[in-house]
Amino acid sequence: MARAPLLQLTDISLTFGGDPVFADLSLVVQPGDRLALVGRNGSGKSTLMKVMAGLVEADAGEVVPGPGVRVGYMEQDPDLAGFETLGDFASDGLDPGELYKVERAGEGLKFDPDRPVATASGGERRRAALARLMASEPELMLLDEPTNHLDIEAIAWLEDELKSTRTAFVTISHDRAFLRALTRGTLWIDRGAVRRADIGFDGFEAWRDKIWEEEDQQRHKLDRKIKAEARWAVEGISARRKRNQGRVRALGELRAERASQIKRQGTAAMALEAGPKSGRKVIEADGIAKAFGDKQILRDFSITVQRGDRIALVGPNGVGKTTLLNMMIGRETPDSGTIKLGTNLELALLDQGRDQLDGDMSLWDSLTGDPDMRVSGKADQVLVRGMPKHVVGYLKEFLFDEAQARAPVRSLSGGEKARLLLAKIMARESNLLVLDEPTNDLDVETLDLLQELLDTYDGTVILVSHDRDFLDRVAATTIAMEGNGRATVYAGGWSDYLAQRGQDDFEGSVTKAKQAPPKAQAQAAKPKKGLSFTEQHRLEALPDEIARIEAEIGKLQELMSDPELFTREPVKFQKATEALIARQAKLEAAEEEWLALEEKAGA
């Protein structure tokens, strides 16, 4: 016999501030569902989840839980008012015999139940909310960005718990690896409608692109039909038009249909522009050490960061990644050892706590009030990479509409706040970009764009992240901080780091899953004859790098093919010329390096 749905939404409509968020939205969550809820930032993912949890009342439609079904919700900003400690909040409503569930979740998620709520960070509060939800064991869990503020070990623990649970869940997450590992179905919010596909997130992007391609084809056919009918209406003789009023009315209906179609949200017009080149050596750390009381953060660590490097810092929460980052950029002094910063450095920083944003300020004031962006005597303009630009125009480049310009920052979703921060740091030229947890809350499309920008950025990038997929896509060097002051430098991103540690499955060390046979691990890590591991990794990475440089050269050549560019925009023409010469030299060097490594591998 078929089981009753856990939750059913029928004809849900909701409007905020005059703009419809959803219209006639219907969906069903079945027992055993493991669903990814995806969509662009600001599309209403968190709002829909609150409707499902019964925390936001829809203007129309019904939300009906199944008989006896408890729906548990973990929100992004939990309210802990009335509780003294995180443990009090997490165990609220549990019988004394069930308190062990909170302790177990606390160990896996790494939060201290005795921590006073008044002194707890936002990340600690979220971890307590997640522990509370999992300990209560509802029939349906709604998880809004559960991996934010979790380190990779805690994410691995959470993945293992969710893999083994029989509880159905719907999750919003920016973490591709997390979604790929867990989901078997996808709910996609797009322009106020929800589509469902019984495929995990791994197949989402192909499914989305197919739908968009079909939509574009249908729109193109409709445009051609409207054009043909409009020509008939103009050119047809008067008598024929009188006999064919039905056809004229049909043309009006076609135009109305075309006008009613909601345009897809584009990608943000983000741009990263490197300032003057820094020196060849950007940072040189020699034998640095740092401790706070009895806790050793770092001991005898050395690294040289060269111009153009892509370096990631990984490790558990509290191990000292941000401390090392601050020492590397000169914001904190080591207890011993030396740090030398290179010449001509222009730093742009995205901080983990998003402290650069004031929730009570409007988006307009957040930009115009920034000393680095202020244009003297122009209250409606901001300085963007040295050029004045209207504040609303610049906000539109980051997908904010004009109505949001005067709204308070606190009204933004997590992803929109992240976009606003990116707008602030991308307004200035830089040659050293420091990103502390840059992926939190960003949607898939914006993450893809950010990765592309970092690939083509001429400066140096240092980042801290727990997003394994993002680390693999961006990092060329990984500094692993493993506790007790130990930090080790590895070539490559997250997967390369795991391979070099001789461990195929990092999550397995947390969950005690089976490891790959030692022989298989050795074969996976063994480089080609004649090459070191670092050289082997470089040889494998070079073809993609060469292809990327060739694509950049093609874009620059296309830009410069405009015969009016030199007279219309001489500065832009000069910059494009310099960039083309630099990339051609870079391509030649990469090809020579590839040939040399291939010869060495075959020796």
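The values are calculated or read from the model by the stated rules, or taken from the named source; none is laboratory data. These numbers were taken from a predicted model, which means no experiment stands behind them. As a convention, Cβ positions derive from the backbone with ideal geometry for all residues, glycine included, and neighbour counts pool all protein chains shown.
Of the residues making up region 278-325, those that are outside any loop (DSSP other than H, G, I, E, B) and surrounded by fewer than 17 Cβ atoms within 10 Å (Cβ to Cβ) number 13. Given the structure, is LEU531 under 28 Å from ALA499 (Cα atoms), touching a residue at least 24 places away in the same chain (Cβ under 8 Å), under 31 Å from the mean Cα position of the chain (by Cα) and surrounded by 13 or more Cβ atoms within 10 Å (Cβ to Cβ)? Taking the combined requirement at face value, the residue does not satisfy it. Between GLY82, GLY61, GLY42, the distinction of being over 13 Å from LEU7 (Cα atoms), without any contact (Cβ under 8 Å) to a residue 12 or more places away in the chain and not acidic (Asp, Glu) belongs to GLY82 only. Considering each of LEU442, LEU422 in turn, give the residue that is buried (at least 19 other Cβ atoms within 10 Å of the Cβ) and touching a strand residue (DSSP E or B) at 6+ places or on another chain (Cβ under 8 Å). Going through LEU442, LEU422 in turn, just one is buried (at least 19 other Cβ atoms within 10 Å of the Cβ) and touching a strand residue (DSSP E or B) at 6+ places or on another chain (Cβ under 8 Å): LEU422. When VAL234 is tested against (1) modelled with pLDDT of 90 or more; (2) assigned to a helix (DSSP H, G or I), just one condition goes unmet, and that condition is (1).
Being assigned to a helix (DSSP H, G or I) and among the charged types (D, E, K, R) is the filter here; which residues of region 441-461 pass it? Passing the criteria: GLU445, ASP448, GLU452, ASP455. Within region 95-136, track down each residue that is touching a Ser or Thr at 6+ places or on another chain (Cβ under 7 Å) and surrounded by fewer than 20 Cβ atoms within 10 Å (Cβ to Cβ). Across region 95-136, the qualifying residues are LEU99, PRO113, ASP114, ARG115, PRO116, VAL117. Of the residues in region 511-519, not one is part of a helix (DSSP H, G or I), under 28 Å from the mean Cα position of the chain (by Cα) and at pLDDT 85 or above.
Can you tell me how many residues within region 431-479 are within 22 Å of GLY318 (Cβ to Cβ) and either in the same structural domain as ILE549 (by TED's automatic domain parsing) or of a type in the set (Val, Ile, Thr) (or both)?
Taking region 431-479 first, the residues within 22 Å of GLY318 (Cβ to Cβ) are 434-441, 462-468, 470-471, 475, 478-479.
Going one step further and asking which of them are either in the same structural domain as ILE549 (by TED's automatic domain parsing) or of a type in the set (Val, Ile, Thr) (or both), we end up with 434, 439, 462, 464, 478-479.
Matching residues across region 431-479 total 6.
Put simply, of ASN344, ASN326 the only residue that is over 16 Å from ALA405 (Cβ atoms) and at pLDDT 90 or above is ASN326. Among the criteria (1) at pLDDT below 85; (2) surrounded by fewer than 19 Cβ atoms within 10 Å (Cβ to Cβ); (3) over 29 Å from GLU569 (Cα atoms); (4) among the aliphatic types (A, V, I, L, M), the one MET361 does not fulfil is (1).
From GLU545, GLU540, GLU552, GLU578, which residue is assigned to a helix (DSSP H, G or I), over 31 Å from the mean Cα position of the chain (by Cα), among the charged types (D, E, K, R) and modelled with pLDDT of 75 or more?
Working: GLU545 fails: over 31 Å from the mean Cα position of the chain (by Cα); GLU540 fails: over 31 Å from the mean Cα position of the chain (by Cα); GLU552 fails: over 31 Å from the mean Cα position of the chain (by Cα).
Within the list GLU545, GLU540, GLU552, GLU578, the selection yields GLU578.
Please tell me if GLU84 is in contact with a helix residue (DSSP H, G or I) (Cβ under 7 Å, 6 or more places away or on another chain), at pLDDT 85 or above and either surrounded by fewer than 22 Cβ atoms within 10 Å (Cβ to Cβ) or of a type in the set (A, V, I, L, M, F, W, C) (or both). Lay out the reasoning, then the answer.
Numbers: in contact with a helix residue (DSSP H, G or I) (Cβ under 7 Å, 6 or more places away or on another chain): yes; at pLDDT 85 or above: yes; either surrounded by fewer than 22 Cβ atoms within 10 Å (Cβ to Cβ) or of a type in the set (A, V, I, L, M, F, W, C) (or both): yes.
Answer is yes for this residue.
Each residue in region 118-158 was checked for being touching a Phe, Trp or Tyr at 6+ places or on another chain (Cβ under 8 Å), more than 30 Å from PRO65 (Cβ to Cβ) and among the β-branched types (Val, Ile, Thr), and 1 of them qualify. Number of residues in region 139-197 that are within 15 Å of ALA105 (Cα to Cα), of a type in the set (Val, Ile, Thr) and touching a helix residue (DSSP H, G or I) at 6+ places or on another chain (Cβ under 8 Å): the value is 2.
Are there strands (runs of 3 or more DSSP E) fully within region 28-95 with at least 3 residues that are among the aliphatic types (A, V, I, L, M)? List them. It would help to see each step written out before you state the result.
Details: elements: 34-38, 60-65, 71-74.
Passing ranges, in order: 34-38, 60-65.
Here's the yes/no breakdown for (1) in contact with a Ser or Thr (Cβ under 9 Å, 6 or more places away or on another chain); (2) surrounded by 23 or more Cβ atoms within 10 Å (Cβ to Cβ); (3) within 19 Å of GLY414 (Cα to Cα):
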{"site": "PRO146", "(1), (2), (3)": "yes, yes, yes"}
{"site": "ILE152", "(1), (2), (3)": "no, no, no"}
{"site": "GLU159", "(1), (2), (3)": "yes, no, no"}
{"site": "THR165", "(1), (2), (3)": "no, no, no"}
{"site": "HIS174", "(1), (2), (3)": "yes, yes, yes"}
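Every condition in (1) farther than 30 Å from ARG180 by Cβ; (2) out of contact with any helix residue (DSSP H, G or I) (no Cβ under 7 Å at 6 or more places or on another chain) holds for VAL117 except the one numbered (2). Pairs meeting the criteria (first residue in region 284-305 and closer than 9 Å to GLY337 by Cα, second residue among the basic types (Lys, Arg) and crowded, with 18+ Cβ neighbours inside 10 Å, beta carbons under 9 Å, at least 6 apart or on different chains) are PHE301/LYS290. Residues that are buried (at least 18 other Cβ atoms within 10 Å of the Cβ) and part of a loop (DSSP other than H, G, I, E, B) within region 380-404 comprise PHE398, LEU399, PHE400, listed in sequence order. The criterion of being β-branched (Val, Ile, Thr) and at pLDDT 90 or above holds for VAL63.
Answer yes or no as to whether LEU162 is farther than 20 Å from ASN41 by Cβ, hydrophobic (A, V, I, L, M, F, W, C) and either touching a Lys or Arg at 6+ places or on another chain (Cβ under 9 Å) or in a helix (DSSP H, G or I) (or both).
Working: farther than 20 Å from ASN41 by Cβ: yes; hydrophobic (A, V, I, L, M, F, W, C): yes; either touching a Lys or Arg at 6+ places or on another chain (Cβ under 9 Å) or in a helix (DSSP H, G or I) (or both): yes.
Criteria met by LEU162.
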